[in-house]
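Peer 1: Mind having a look at this structure? Questions to follow.
None of the figures in this text is laboratory data; all of them are computed from the coordinates on show. All of these numbers come straight from a predicted model, not from anything done at the bench. Here Cβ is always computed from backbone atoms with ideal geometry, including for glycine, and neighbour counts include all displayed protein chains.
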Amino acid sequence: MKVSQIAAKAVVRIFFILLLIALIPFLQGDGSKLQHLYLTPKHAYMLAFPILLILGFITLLVLCSIKKYSKPDMNWLLVVNTVVLIAYAATLYISIYKLIK
């Protein structure tokens, strides 16, 4: 049970740190490139997976925080969800970075 607590807390902290690092280029003040950046999916249902992933992350984070990371199954679900969310955010960041360079 201790391992799942440490893993869940570590992965969530890594996610938030990476999120803050990814926001640095957008907050530096050069918004001229970002004003005309539009990401539109080809089909509306392609947004279902990211929305479910983000909602699942928020739900699991709230539930694990309320239960003080005492349920190992929920901790491991949070770890898996956060790792997939990190991978998705990295691919999104890379694609946006290619568009503005």
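Peer 1: Run the quick spin-label model on residue 30 and residue 83: label points 7 Å from Cα toward the beta carbon, then report their separation in nm to one decimal.
Peer 2: Using points 7 Å along Cα→Cβ, the separation is 3.5 nm.
Peer 1: Taking amide H positions as placed 1.01 Å from N in the peptide plane, with prolines and chain starts having none, which residues 5 or more places from residue 69, or on another chain, fall under 5 Å of its amide H?
Peer 2: none
Peer 1: Also, quick follow-up: For the stretch 32-87, which chymotrypsin sites (Phe, Trp or Tyr not before Pro) are both in a DSSP coil and crowded by at most 11 other Cβ atoms within 10 Å?
Peer 2: Passing sites in the stretch 32-87 are 38.
Peer 1: If you don't mind, there's one more thing I want to ask. Per the Kirkwood definition applied to all pairs of different Cα atoms, how many angstroms is the hydrodynamic radius of the chain?
Peer 2: After inverting the pairwise mean of 1/r, the radius is 15.2 Å.
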